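Q: Submitted below is the structure of interest, expressed as structure tokens.
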Amino acid sequence: MSRAALQATAKLALDPARIKRDFPVFDNNPGLVFLDSAASAQKPAAVIDGVADFYRTDYANVHRGVYRLSARSSDRYEGARETVRRFLNAASSDEIVFVRGATEAINLVAYSWGMTFLKPGDEVLVTELEHHANIVPWQLIRERTGLKLVVAPLDASGGLDLAAFEARLSSRTKLVAVTQLANATGAMLPIEAIIRLAHKHGAKILVDGCQAAPRLPVDVQAMDCDFYVFSGHKIYGPTGIGVLYAKSAILETMPPWQGGGDMIEQVTFEKTTFQKPPHRFEAGTPDISGAIGLAIALDYVEALGRDAIAAHEEELTGYGVDKLSRLPGIRLVPAGQRRLGILSVDVQGVHPHDLATVLDQHHVAVRAGHHCAQPLMDRLGLAGTTRASLGIYNDARDIDALATALTAAQKLFA
Amino acid sequence: MDARELYQDIILDHGRHPRNFRALDHATNLAHGHNPLCGDRVTVYLELDGDRVKDLSFDGRGCAISTASASLMTEVLKGKTLAEAEALFKGFHAEVTGKTAPALPDALADDMERLAPLEGVRAYPTRVKCATLAWHAFEAALKNGADGAAAATVKTE
């Protein structure tokens, strides 16, 4: 590496030890080795305190009061929307809908867009790598719309078989709904190619960015996706808040999916007219403090640098793959050509739940089970796996602690 | 709590080498148990002779706790009357959930003693369901008869 490149790397590199100090959970749980950020990430003090400060200083309902406090609260809420727009590089903040999380975002697309535009025989194409949240909503509206759910398979390496994916696209495909980064294995999908192919066949494309958004720079305009969804709590923000991004041209054609206050223009008992997006899709008092907490989290992530985070995740993933591959009796669940931030392991002769209990004794917090991806587990021939997932506060010592605990568990169950 | 307090030798032994781990050819009753949290599945087979458990077995896949619990259950319940089996289940359930155990007949004290190594799950609320899966399936099998179509899904304790 050249001197300049080295300097650039040094400037970019995250300092997980310093970052850890921003997260009070580590003060309150000495020795905690937290490797479950893919399930939900920990929260920096900036988010925790920022939400509390908002309640202390600027809180009132939004879009309703004429008094100054309400105007301030509305400004903060709409300011959070602008922060999300910037984070995704959306063309307009009108393309950002606040929802409870990615699950609600996908359901919103299914019930509003899907119920309106999908006709019997139309196809929704997903992959074997999906989380249940990107399978079940399509099944739920299948009976009502007559849509056909088509599944693109894995290749032998555990990644998406792009040729098989392409072969399943046709003029009947109306929507491609795929994850950018598989939550159960860490497999990265070739999202640019997927989007290009979907559009070539006239299909809309929904990208589940739950695992990718916390780890990679995201530019929805460059990607040219039609829908992008992610959850706040996986990107160091509060629970109960998430984002649906959709292109304006599409959002404008979508009917409301929930009715109530805040989403209407005029209501009479004869007829109600609705607000324009995004407010059309935010019925009732929204999660105001959640949106503000999310914006603080996104600012925190931006301040660290998204390229730096991606480089950190990449480097630590590489270290983890290398370390775990050397352990006898432990198999990394295949994740295709490129894996990021997630290390799913199968330990010979040890059930994932027994493993996770023993790891917990070593203060190593991991997820055990099917990771809400049962079809993928079935395909891989596994009842479940033990999954370590990385965040900005993790470093090589956490991986070492994981390896030590895995070895201890193997010894116990040998 | 140390992992060894949960994973005592008897648990590890029954987890590795479960007893009565087979399907029963002449089952009069059976039921499937499923823990949706972890995907564990167990089928419990019973051969009843009047109100007595003449034979009892299980198969499926599960963690060390659920396998050991199923294995110990088959050993303990074999030969018992249904009333005794019911009393043991109640006693066992109370032990693993940390509730006060009901008074049991003296004749069952040795059997409760045999199940005692499983009491360690008390300290692990998420693992209690592992220990009770086969027992719930046993109860369901009594209701099902030989038709195991109605699967018992273990509920959160």
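Q: Tell me, how many Å apart are the Cα centres for segment A:183-218 and for segment A:273-318?
A: Between the Cα centres of segment A:183-218 and segment A:273-318 lies a distance of 18 Å.
Q: Once the piece of chain linking B:ARG16 and B:ALA116 is laid out straight, how much longer is it, given 0.36 nm per residue of separation minus the C-alpha distance between them? List each step's numbers first, then the result.
A: Values: separation 100, 0.36 × 100 = 36.00 nm, distance 1.84 nm.
Going from the current span to full extension adds 34.2 nm.
Q: May I ask you to list, by number, the DSSP H helices of chain B whose Cα span along the axis is at least 18 Å and whose average Kyte-Doolittle hydropathy reaches 0.5 or more? Write down the numbers at each step before the final one.
A: Values: long enough: B:64-77 (19 Å, 1.16); B:82-97 (22 Å, 0.37); B:128-144 (24 Å, 0.38).
Once both thresholds are applied, what remains is B:64-77.
Q: What is segment A:49-302's relative contact order, in percent, from Cα pairs under 8 angstrom and six or more apart in sequence?
A: Values: 478 pairs, mean separation 61.3, N = 254.
About 24 percent, as a whole number.
Q: Continuing with this model, one more query. Treat every Asp and Glu Cβ in segment B:3-144 as -1 and every Lys and Arg Cβ as +1, leave all other atoms uncharged, and give the resulting dipole magnitude about the Cα centre to the nearest 20 debye. Working shown, then result.
A: Details: 17 positive and 20 negative charges, 105 e Å.
Value, rounded to 20: 500 debye.
Q: So which GluC sites (Glu not before Pro) in segment A:260-333 are both in a DSSP loop and have at most 16 other Cβ atoms within 10 Å of their Cβ?
A: On the way: sites: A:GLU265, A:GLU270, A:GLU282, A:GLU302, A:GLU313, A:GLU314, A:GLU315; in loops: A:GLU270, A:GLU282.
Loop-located and lightly packed - A:GLU270.
Q: If you don't mind, another one. Quick check on the protein assembly as shown: helices-only [θ] at 222 nm, where DSSP H runs of length 4 and up contribute -39,500 (n - 2.57) each and the sum goes over total residues. Nearest 500, please. Could the numbers behind the result be given before it?
A: Numbers: 22 runs with 233 residues, N = 571.
Theoretical 222 nm ellipticity from helices: -12000 deg cm²/dmol.
Q: I've got another one for you. Which residue, chosen from A:VAL345, A:TRP257, A:VAL364, occupies the Cα position most advanced towards the positive end of the dipole of segment A:230-382, where the dipole is computed from +1 (Lys, Arg) and -1 (Asp, Glu) charges on Cβ about the Cα centre?
A: A:VAL345
Q: About its Cα centre, how strong a charge dipole does segment B:1-82 have in debye, to the nearest 20, once Lys and Arg get +1 and Asp and Glu get -1 at the Cβ?
A: Numbers: 10 positive and 12 negative charges, 20 e Å.
So the dipole magnitude of segment B:1-82 works out to roughly 100 debye.
Q: Please report how far the C-alpha centroid of segment A:80-98 lies from that of segment A:32-72, rounded to the nearest whole angstrom.
A: Rounded to whole Å, the Cα centres lie 17 Å apart.
Q: Hey, what did segment B:3-144 get for relative contact order, percent, Cα under 8 Å, at least 6 apart? Spell out each step's value before the answer.
A: Numbers: 253 pairs, mean separation 42.6, N = 142.
After rounding, I find 30 percent.
Q: Just name one of A:ALA198, A:ALA60, B:ALA109: the one whose Cα is farthest towards the positive end of the charge dipole of the protein assembly as shown (beta-carbon charges, Lys/Arg +1, Asp/Glu -1).
A: A:ALA198
Q: Rounded to whole Å, give me the distance from the Cα center of segment A:119-181 to that of segment A:364-412.
A: After rounding, the separation between the Cα centres reads 27 Å.
Q: Classify segment A:180-238 as rounded, prolate or oblate, taking a ≥ b ≥ c as the square roots of the eigenvalues of its Cα gyration tensor: rounded when a/c is under 1.5, otherwise prolate if a/b is larger than b/c and oblate if not.
A: Numbers: a/c = 2.32, a/b = 1.72, b/c = 1.35.
Prolate is the answer for segment A:180-238, as a/c is 1.5 or above and a/b outweighs b/c.
Q: When a/c is below 1.5 the answer is rounded, else prolate if a/b is larger than b/c, else oblate, so apply that to chain A with a ≥ b ≥ c taken from the square roots of the Cα gyration tensor eigenvalues. Provide the component values of the computation, followed by the final result.
A: Numbers: a/c = 1.86, a/b = 1.26, b/c = 1.47.
In terms of gyration-tensor shape, oblate.
Q: Could you work out, residue by residue across A:347-353, how many beta carbons of other chains sit within 10 Å of that residue's beta carbon, and then give the average as an integer?
A: Numbers: counts 0, 0, 3, 3, 11, 3, 15.
Going residue by residue through A:347-353 and averaging, the value is 5.
Q: So, one more: Need one value for A:358-365: mean number of C-beta atoms belonging to other chains within 10 Å of its residues' C-beta atoms.
A: Working: counts 5, 1, 3, 7, 1, 0, 0, 0.
Going residue by residue through A:358-365 and averaging, the value is 2.
Q: If you take the square roots of the eigenvalues of the alpha-carbon gyration tensor of segment A:48-111 and sort them as a ≥ b ≥ c, do you get rounded (a/c under 1.5), prolate (a/b over b/c) or oblate?
A: On the way: a/c = 1.82, a/b = 1.77, b/c = 1.03.
In terms of gyration-tensor shape, prolate.
Q: Given 10 Å bins starting at zero, what is the percent of C-alpha pairs of segment B:3-144 in each, up to the one with the largest pair distance?
A: Going from the shortest bin to the longest, the percentages are 13, 46, 36, 5, 0.
Q: Magnitude of the Cβ-charge dipole of segment A:49-302, K/R +1 and D/E -1, about the Cα centre, nearest 20 debye?
A: For segment A:49-302, the charge dipole is close to 460 debye.
Q: Let me ask you something else. Assuming R0 = 45 Å, what is the FRET efficiency of A:LYS271 and A:GLN139, from their Cβ-Cβ distance, to the nearest 0.05? Don't skip to the answer; put the middle values down first.
A: Numbers: r = 34 Å, r/R0 = 0.75.
Calculated transfer efficiency: 0.85.
Q: What does the average come to when, for each residue of peptide B:35-41, you count the partner chain Cβ atoms lying within 10 Å of its Cβ?
A: Numbers: counts 2, 3, 5, 9, 10, 5, 1.
If you average over the peptide's residues, the count of other-chain Cβ atoms is 5.
Q: Hey, rough spin-label estimate for B:ASP59 and A:MET115, points 7 angstrom out along Cα→Cβ, what's it come to in nanometres?
A: 4.6 nm
Q: Now for a different question. Determine which lysines satisfy two conditions relative to A:LYS323: a Cα distance under 24 Å, and not lying fewer than 8 residues away in the same chain.
A: Reachable lysines: A:LYS20, A:LYS411.
Q: Now for a separate question. How much of the DSSP bridge set in the protein assembly as shown is antiparallel, in percent, rounded to the nearest 5? Intermediate results must be reported in sequence, preceding the final value.
A: Numbers: 42 of 64 bridges.
Among the beta bridges of the protein assembly as shown, antiparallel pairing accounts for roughly 65 percent.
Q: Out of the trypsin sites (Lys or Arg not before Pro) in segment B:1-64, which ones are loop residues according to DSSP with at most 15 other C-beta atoms within 10 Å?
A: Values: sites: B:ARG4, B:ARG16, B:ARG19, B:ARG22, B:ARG41, B:ARG52, B:LYS54, B:ARG61; in loops: B:ARG19, B:ARG22.
For trypsin sites (Lys or Arg not before Pro) across segment B:1-64 that sit outside H, G, I, E and B with at most 15 neighbouring Cβ atoms in 10 Å, the list reads B:ARG22.
Q: With a sphere of radius 11 Å drawn around the Cβ of A:ILE135, what net charge do the other residues whose Cβ falls strictly inside it have (Lys, Arg +1; Asp, Glu -1)?
A: That sum, taken over residues with Cβ under 11 Å, equals -2.
Q: I would also like to ask the following. Can you list the residues, at least 5 places off or on another chain, whose amide H is less than 5 Å from the amide H of B:LEU56, using H built in the peptide plane?
A: Correct list: B:GLU47.
Read-outs: derived from the displayed coordinates by stated rules, not from any lab. Treat the numbers as computed from the prediction; the structure is a model and nothing was measured. We place every Cβ from the backbone using ideal geometry, glycine too, and count neighbours over all the protein chains shown.
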